[in-house]
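First the structure, in the form of structure tokens, and then the observations on it.
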Amino acid sequence: MNAAVNAGTAGWWLSVDEVVNIMNTFWQSNAIVPKTVARRALREGLVCEAPWAFQYHRGKPDCFMKGGYWSDGEGKTNQCVAVFAPRNVEIAVFVNSPIPGNYITGMVARRLAENLS
């Protein structure tokens, strides 16, 4: 596949560190959008699945996840999840080994719930 003619996950090649750096800039600075806009967008569900109910601060959702996966059509599947976690923590998990279905988001959510309480 020619990445030069594609957008999204087919055209972007980023490392985990690069993804986390972009997430950090979006969430904790005004460089991409004002922080108030970033927080409002995620709290209203833009881009992410619904806010995760296990962690709220002052009655407002503060944990947001977006999972995804892609495959090459030959049985090779990669999975990922990006998380804006409480206490200004950004997490990105990329998996290229076999995990049945698209379970990485649930696995990360369980670990967060266990460790954030």
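Computed values, structure above
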item: Residue match in the range 60-77 (condition: part of a loop (DSSP other than H, G, I, E, B), within 18 Å of Phe26 (Cβ to Cβ) and modelled with pLDDT under 85); result: yes
item: Residue, most open to solvent (accessible area, probe 1.4 Å), within the range 13-31, restricted to residues that are more than 25 Å from Tyr69 (Cβ to Cβ) and not in a helix (DSSP H, G or I); result: Asn30
item: Exclusive hit being aliphatic (A, V, I, L, M), modelled with pLDDT under 85 and surrounded by 11 or more Cβ atoms within 10 Å (Cβ to Cβ), set Ala4, Ala10, Ala53; result: Ala10
item: Candidate set: the range 98-117, residues that are open to solvent by 60 Å² or more (accessible area, probe 1.4 Å) and of a type in the set (Ser, Thr, Tyr); chosen: the one modelled with the highest pLDDT; result: Tyr103
item: Sole residue being modelled with pLDDT of 80 or more and open to solvent by less than 40 Å² (accessible area, probe 1.4 Å), chosen from Val89, Val83; result: Val83
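The values are calculated or read from the model by the stated rules, or taken from the named source; none is laboratory data. Nothing here was measured: the structure is a model prediction, and the numbers come from that model. Cβ atoms come from the backbone with ideal geometry, glycine included; neighbour counts cover every protein chain shown. For the accessible areas, the whole protein counts, side chains as well, though only heavy atoms, and no ligand, DNA or RNA atoms are used. Shrake-Rupley method; radii C 1.70, N 1.55, O 1.52, S 1.80 Å.
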